[in-house]
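Have a look at the structure below before the remarks.
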Amino acid sequence: MAIFVLDKKKQPLMPCSEKRARLLLARGRAVVHKRYPFTIRLKDRVGGETQPLRLGIDPGSKTTGLALMREPDSQQRHVLCLFELIHRGFQIKKALQQRAAFRRRRRSANLRYRAPRFNNRIKPKGWLAPSLQHRVDTVTAWVKRLSRLAPVTAISQELVRFDTQKLDNPEISGVEYQQGTLLGYEVREYLLEKWGRECAYCGTTDTPLEIEHVVPRSRGGSNRVSNLTLSCHPCNQSKDALSLVDFFATDKGLKKRLKANGHTANARLERVQRQLKQPLRDASAVNATRWALFSALNATGLPVTVASGGRTKYNRQRLNIPKSHALDAACVGAFEKLHDWTVPTLTIKAMGRGSYQRTRLTKHGFPRGYLMRQKQVHGFQTGDMVRAIVPTGKKAGTHTGRVAIRKTGSFNIQAEYGAVQGISHKYCTLIQRGDGYGYHFTLFSNLTGGAGQAVA
């Protein structure tokens, strides 16, 4: 993974290798400017030659992939850094719904009648719900942050992803289709994501998957996405025109495959029935924010090129690249070759900056305890990245991660391998002030391949 470099006046230079960064630090020519992402600042240089860098973006409802690449020409890309930005949009939505429920209960308890107030709030043009606006804001913030750390000259965004109209009604066409949201994307790719790239019936992975009608066409089943799933070839052949319940109850081959994969028939049947009712929530979140993100990226002043999800998948399969959000970002757009894509991925998780709420509530809305008013304890604040070196005891060792402060001075540290509780502030050293995000690296060897290709 490349290291970001700034000059003496904090202007971005070309990223360098880890070895060169170590030499610059050891010789005293540079100092550490930032830990996450790791950035050094030169002490004896102002300005320098730079090369064109492209930032690829693969927006998602839960995770957005970012890839910083060197682009010597239009046909080749060299990956420098990979990032995966984990959003907290669903957490925001859940918190707002809970707060609204508490307010509704308190109002109804104190006021028997309240005039309707559903039609007196006008939203401004372009308004997005806070859970959706969060996705746009976090991606835009990290694009600006990376532009301050590296000489980014262009942006590639995957704009088109899911077509909810085609998913719900594949036969839609003409004027009926034009009057809706034109979001062209393959049904099979959506099914791959919905069913976790495995056979819905037996749970087999790493095998070609076929589109299967849960209710057979011979029994009146439709082509709507709510009636489609993915299955391996043996399950597709043995199910034939059987109903879902009869298939799980009678088929002996299915029971053998379930036993081999460590599943039970009842649990798998319940999963299939539950998954069929899952709404297109993720697809809707991506579709609702894609144009807002496009406008926000254009506002940065950098040239933005867009591409479809089909192009991204084609590039990834053509180059035999595993499936991940960061690598999808590197495959956005038109190019021929991708080099050095086996670098580690920096996972960035949005954690928030705390809340103004000074108490916790029970499920009925009553206070359950009160939080301390002070934000800092012994110079540390919740969210700071710290390194704790404990010399003795059960927790002896080095622990690095986000800290959660306590008034007693005994902190909790969220490391990559789990939470470590009861670490004294005396053993803690500040690495980086909290910025609302948590960080950890994912090595290339931990990535899973893009198994489960849907075939017609």
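Just so it is clear, none of the values below were taken in a lab; they were calculated from the coordinates. Everything quoted here is computed from the prediction, not taken from an experiment. Cβ coordinates were reconstructed from backbone atoms using ideal geometry, including for glycine residues, and neighbour counts include every protein chain displayed.
Between 228, 89, 72, the Cα set farthest toward the positive side of the dipole of the chain (charges on each charged residue's Cβ, about the Cα centre) is that of 89.
For the chain, the share of DSSP beta bridges that are antiparallel, to the nearest 5, is 70%.
Output the peptides 265-275, 358-368 sorted from most to least packed, where packing is the average of other Cβ atoms within 10 Å over each peptide's residues. Don't skip to the end; give the middle numbers.
Details: 265-275: 13.7, 358-368: 10.5.
Packing proxy ranking, top to bottom: 265-275, 358-368.
Residues 212, 18, 49 in ascending order of nearby Cβ atoms (within 10 Å, fewest first): 49, 18, 212. Helix 265-276 and the long axis of the chain differ in direction by around 80°, with both axes built from C-alpha atoms. For a straight C-alpha distance cut-off of 22 angstrom, the lysines reachable from residue 363 (same-chain residues fewer than eight places away being disregarded) are 93, 94.
Taking Cα centre as origin and charging only the Cβ of basic (Lys, Arg, +1) and acidic (Asp, Glu, -1) residues, the dipole magnitude of the range 236-316 rounds to 320 debye.
A straight Cα-to-Cα reach below 17 Å connects residue 252 with the lysines 239, residues fewer than 8 places away in its own chain not being considered.
Most exposed first by the Cβ proxy, i.e. fewest other Cβ within 10 Å, how do 219, 99, 188 rank? Present the calculation step by step, with values, prior to reporting the outcome.
Values: 219 10, 99 13, 188 16.
If I rank by nearby Cβ atoms, fewest first, I get 219, 99, 188.
For the range 300-318, the residues whose backbone nitrogen is under 11 Å from a point 7 Å from the Cα of residue 193, taken along Cα to Cβ, are 309-310. Peptide packing for 202-210, 317-325 was compared via the average number of neighbouring C-beta atoms within 10 Å per residue; ordered from the highest value, the list is 202-210, 317-325.
Between residue 106 and residue 302, the simple spin-label model (points 7 angstrom out along Cα→Cβ) gives 4.3 nm. Computed over the Cα atoms of the chain, the ratio of the radius of gyration to the Kirkwood radius (Rg/Rh) comes to 1.01.
Mind checking the dipole of the range 299-349: about its Cα centre, +1 per Lys or Arg Cβ, -1 per Asp or Glu Cβ, Debye to the nearest 20? Write down the numbers at each step before the final one.
On the way: 7 positive and 3 negative charges, 39 e Å.
Result for the range 299-349 is approximately 180 debye, rounded to the nearest 20.
Label positions at residue 94 and residue 227, each projected 7 Å from the Cα along the C-beta direction, are separated by 3.4 nm.
Using Cβ point charges alone (K and R +1, D and E -1), the dipole size of the chain about the Cα centre works out to roughly 3080 debye.
Please give the length that would be gained between residue 74 and residue 361 if that part of the chain were fully extended, namely 0.36 nm times their separation in residues minus their C-alpha to C-alpha distance (nm, one decimal).
Working: separation 287, 0.36 × 287 = 103.32 nm, distance 5.56 nm.
Using 0.36 nm per residue and subtracting the Cα-Cα distance, I get 97.8 nm.
Taking Cα atoms only, the orientation of helix 89-110 departs from the longest principal axis of the chain by about 80 degrees.
Just list whichever of 10/43; 349/407; 394/426; 9/43; 43/349; 62/349 have alpha carbons separated by over 21 Å in the model shown. Working shown, then result.
Working: 10/43 10 Å; 349/407 26 Å; 394/426 16 Å; 9/43 9 Å; 43/349 32 Å; 62/349 10 Å.
From the list (10/43; 349/407; 394/426; 9/43; 43/349; 62/349), the Cα-Cα distance tops 21 Å for 349/407; 43/349.
For the range 374-435, the equivalent ellipsoid built from the Cα gyration tensor has semi-axes of 17, 13, 10 Å, listed from largest to smallest. Using 0.36 nm per residue and subtracting the Cα-Cα separation, the extra length available between residue 410 and residue 270 on full extension is 45.9 nm.
Would you mind calculating the relative contact order of the chain from Cα pairs under 8 angstrom and at least 6 residues apart, reporting the percent as a whole number? Reported relative contact order: 19 percent. Helix 309-318 and the long axis of the chain differ in direction by around 80°, with both axes built from C-alpha atoms.
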